[in-house]
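Undergrad: One structure follows; several queries about it will come next.
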Amino acid sequence: MSQTTIRVPDIGGAEGAEVVELLVAVGDHIELEQSLIVLESDKASMEIPASSAGVVLEVKVAMGDQLSEGDAVVVISVAADGNDANASAAEGIHAEDAAEDVAEDVIAAPEAADAASAQSSNGAIAAAKGAPVGGEAKLITVEIPDIGTDGDVELVEISVTVGQHVEEGESLVVLESDKASMEVPAPVAGKVVKLLVDAGQSVSQGVPLLELEATVVGDDVASDAVANGQAQTAVVAAPATQPQATAQSAASSSPLQVASKDAAVATGDNAGIYAGPAVRKLAREFGIPLGDVSGSGPRGRLVKDDLHAFVKAALKKGSATAAVSGAGIAPIPDVDFSQFGEIDAQPRSRLDKLTASNMTRAWLNVPHVTQFDDADITDLEAFRASLKAEAEKRQTKITPMPFLLKACAVALNANPKLKSSLADAGETLVYKQYCHIGMAVDTPNGLVVPVIRDVDKKSIWELSEEVIELAGLARDKKLKPAQMQGGVFSISSLGGIGGRGFTPIVNAPEVAILGVSKASMQPVWDGSAFVPRNMLPLALSYDHRVINGGDAGRFLTELVGLLSDIRRLVM
Ligand code: CAO
């Protein structure tokens, strides 16, 4: 075990960059390249990564300290083999135990900057290729420059649009690695003619970003600039007024990741917010709008602690809200019923308790509406009766259920919203191209809902057999989990039991359920007389966040029509 001091590497020549965030403390175990502190100069935020893994023995800096290249940041203990420290040397970070030639690489930044300006062979320079466009302009392809890492980074924002005129140095895109945001500035002024990337794409050095019709000033300046390495697509998005800092940082090839302060205030929805890349990344991961968070850092800068405090406050507020509504309503008090007479308290089955919890969840989360209608199933029942002999031959029995399933499938496919589901906290509605329907089965053990797959593709005989098979498996407790998943809609039929109507609870995340009650002969006016018809009471409950009365009315009317004239099932 040895000790190593990690120092501030080349920070683009910035003097007196202020410590605005301390990301580690004494005793922390740190990984290679883990960010230690965030420095801020007049033009950029910079995270200083660890040059080796180890345990922090001493933090040499405090918030608000002004640091320059070579200043000590932390002292860490590293493994005895020293591999990490040597590795860091190759990457250009100062480590006291790591050879002095490291310091040469890094401290020589000003010279490196000059060299960078002078030679386009430097990896960080001039990632633009040109070809003349007519006699006036030159079409150049701007590529991702050296971004200090061989791996991919995410392109989080495209800052320009096709047709837009950009000035030299103006930001074209924003890249983000796990440690830093980086802007890629325009190497020359010109008009964006084609975008070659998409936001969200992973990119690396050399990937073509866009085509730019470079403005020609005097004699073909764009191509000269590119050839001379003066028009630089640099890693650091320094403003045009800070060309030296741009070149220095780019030339150093330091693993130090730099985000311009301007970049920090111009990224995506969080534009105008003063925060570093790590904070932005964390906020994106948790979906926190940075504009809603107050910054406690210097000059209102947002730091990680601000996000933590924001999340804690939001959670607290959430549970306070729950306490006065929805799941937070006061529980029904326990009563000692034995004081009124003899009782028999039975433990509830796991299935009963699960059903109770699912019902409560659906009831409290889903704004329910129930709509009623009656289907005239006189002809259906006559047809079903005519199938009795054939059913016996097939050694099966045919009930109204397969007809209900088939009619629902046809009506659902014609009204696909009824088989949709909400997703992304209500931001998205998922339409399903399949038609698997759940069927509530009453078992001695409790309620289960096996799912019949692809109902729209099966015959009445196939559905009939599947109803019998799944109901049997449900009652024998032999259903597999997969046989109870994937439903888009449910049918709860109490027709064999009785009752004139009921309001079923939506089996969320489905958005609708059909309750079927017992059919009975009713006098129905046919225009000239009351005639006896076999009427089937139907109740459609639906999630009013998704389905409105019109949607439900159209579906139920279509369903009633299909059941009343089953010839339409084959249309
Ligand atoms: N009107 C009148 N009679 C009906 C009917 C209806 N709507 N639905 C079924 N029947 C008849 C059947 O034709 C059968 O009579 P026959 O033997 O004379 O032909 C009898 O009632 C029994 O049918 P069934 O209920 O066994 O068969 P099914 O295919 O209609 O239903 C199943 C199958 C599994 C849905 C049913 O057995 C069941 O478990 N239902 C309860 C569902 C439930 O509990 N829902 C509530 C959930 S919320 O608490």
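Undergrad: When region 457-514 is examined, which residues are found to be closer than 22 Å to P416 by Cα and among the basic types (K, R)?
TA: K457, K458
Undergrad: For region 75-91, check the following and say yes or no: at least one residue is touching a His at 6+ places or on another chain (Cβ under 9 Å), modelled with pLDDT under 85, closer than 20 Å to S177 by Cα and not in a strand (DSSP E or B).
TA: Step one: of region 75-91, the residues touching a His at 6+ places or on another chain (Cβ under 9 Å) are 88.
Subsequent filtering for residues that are modelled with pLDDT under 85 retains 88.
After this cut, where a residue has to be closer than 20 Å to S177 by Cα as well, the list is 88.
Then drop every residue that is not not in a strand (DSSP E or B), which leaves 88.
Checked against the condition, which is being touching a His at 6+ places or on another chain (Cβ under 9 Å), modelled with pLDDT under 85, closer than 20 Å to S177 by Cα and not in a strand (DSSP E or B), region 75-91 yields at least one hit.
Undergrad: If we scan region 367-378, do we find a residue that is in the same structural domain as R545 (by TED's automatic domain parsing) and over 27 Å from L563 (Cβ atoms)? Reasoning before the result, please.
TA: Start the filter on region 367-378 by keeping residues that are in the same structural domain as R545 (by TED's automatic domain parsing), which leaves 367-378.
Of the ones still in play, those that are also over 27 Å from L563 (Cβ atoms) are 367.
Yes, some residue in region 367-378 is in the same structural domain as R545 (by TED's automatic domain parsing) and over 27 Å from L563 (Cβ atoms).
Undergrad: Select from region 18-60 the residues that are in a strand (DSSP E or B) and farther than 22 Å from E176 by Cα and write down the one among them that is nearest to the chain's Cα centre (by Cα). Lay out the reasoning, then the answer.
TA: Going through region 18-60, the residues in a strand (DSSP E or B) turn out to be 18-22, 29-30, 35-40, 44-49, 54-59.
Still in the running and farther than 22 Å from E176 by Cα: 18, 29, 54-59.
Values: E18: 35, H29: 30, G54: 34, V55: 34, V56: 35, L57: 39, E58: 39, V59: 37 Å.
Among those that are in a strand (DSSP E or B) and farther than 22 Å from E176 by Cα, it is H29.
Undergrad: From L447, L422, L418, which residue is in a strand (DSSP E or B) and either on the phi > 0 side of the Ramachandran plot or under 26 Å from the mean Cα position of the chain (by Cα) (or both)?
TA: That would be L422, the only listed residue that is in a strand (DSSP E or B) and either on the phi > 0 side of the Ramachandran plot or under 26 Å from the mean Cα position of the chain (by Cα) (or both).
Undergrad: Could we say that G499 is loosely packed, with under 15 Cβ neighbours inside 10 Å, within 15 Å of the ligand (Cβ to nearest atom) and at positive phi here? Give the steps one after another, and end with the answer.
TA: Numbers: loosely packed, with under 15 Cβ neighbours inside 10 Å: yes; within 15 Å of the ligand (Cβ to nearest atom): yes; at positive phi: yes.
Against the criterion (loosely packed, with under 15 Cβ neighbours inside 10 Å, within 15 Å of the ligand (Cβ to nearest atom) and at positive phi), G499 qualifies.
Undergrad: Spot the failing condition for T267; the list is (1) of a type in the set (S, T, N, Q); (2) more than 19 Å from L155 (Cβ to Cβ); (3) at pLDDT below 50, and only one is missed.
TA: (2)
Undergrad: Does I547 satisfy the criteria of being within 14 Å of the ligand (Cβ to nearest atom) and either in the same structural domain as A423 (by TED's automatic domain parsing) or in a helix (DSSP H, G or I) (or both)? Break it down into steps so the answer makes sense when it comes.
TA: Values: within 14 Å of the ligand (Cβ to nearest atom): no; either in the same structural domain as A423 (by TED's automatic domain parsing) or in a helix (DSSP H, G or I) (or both): yes.
In short, no.
Undergrad: Can you say whether A14 is surrounded by fewer than 17 Cβ atoms within 10 Å (Cβ to Cβ) and at pLDDT below 90, as far as the supplied structure shows? If you could, list the steps in order and put the result at the bottom.
TA: Values: surrounded by fewer than 17 Cβ atoms within 10 Å (Cβ to Cβ): no; at pLDDT below 90: yes.
Criteria not met by A14.
Undergrad: Suppose we filter A109, A126, A131 for residues that are at pLDDT below 75, surrounded by fewer than 20 Cβ atoms within 10 Å (Cβ to Cβ), hydrophobic (A, V, I, L, M, F, W, C) and not assigned by TED's automatic domain parsing to the domain that holds G12; which single one remains? Please lay out each step first, then the result.
TA: Details: A109 fails: surrounded by fewer than 20 Cβ atoms within 10 Å (Cβ to Cβ); A126 fails: surrounded by fewer than 20 Cβ atoms within 10 Å (Cβ to Cβ).
Going through A109, A126, A131 in turn, the sole match is A131.
Undergrad: Do you know which residues across region 382-421 are closer than 23 Å to E558 by Cα and either hydroxyl-bearing (S, T, Y) or not assigned by TED's automatic domain parsing to the domain that holds T370 (or both)?
TA: Hits for region 382-421 are T399, S420, S421.
Undergrad: Another question, if that's okay. Return the total of residues in region 502-529 being away from the ligand (no atom under 11 Å from the Cβ) and assigned to a loop (DSSP other than H, G, I, E, B).
TA: Summing the residues that are away from the ligand (no atom under 11 Å from the Cβ) and assigned to a loop (DSSP other than H, G, I, E, B) in region 502-529 gives 9.
The values are calculated or read from the model by the stated rules, or taken from the named source; none is laboratory data. What you are looking at is a predicted structure, and each value in this text was computed from that prediction instead of being measured. Cβ sites come from the backbone with ideal geometry, for glycine too, and all protein chains shown count toward neighbours.
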